[in-house]
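Below is one structure, written out as structure tokens; the observations come after it.
The values are calculated or read from the model by the stated rules, or taken from the named source; none is laboratory data. On a predicted model such as this, the values are computed, not experimentally measured, just so you know. Here the Cβ is made from the backbone with ideal geometry for all residues, glycine too, and neighbour counts use every protein chain on show.
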């Protein structure tokens, strides 16, 4: 029961942290990596090396989708 509550709590924190990171990253025109890394390390307690690797993977996904969305909307 306690693990289920912790899991739900982490999912809720992740949802709101993602929303804040996405909003801040979108407002200043960046992908949000500069906001993700401190949250991964300090809030979610990832070891620094794993946090950097995960952050790089997420950045690659953001760049991949941004490229195709910009390409698509540029052609319209």
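Among the residues making up the range 1-10, those that are part of a helix (DSSP H, G or I) and at pLDDT below 75 are 2, 3, 4, 5, 6.
For the range 34-76, a residue qualifies if it is exposed (fewer than 11 other Cβ atoms within 10 Å of the Cβ) and outside any helix (DSSP H, G or I), and the qualifying residues are 45, 47, 76. Scanning the range 11-33 for residues that are outside any helix (DSSP H, G or I) and either touching a strand residue (DSSP E or B) at 6+ places or on another chain (Cβ under 9 Å) or exposed (fewer than 11 other Cβ atoms within 10 Å of the Cβ) (or both) returns a single hit, 29.
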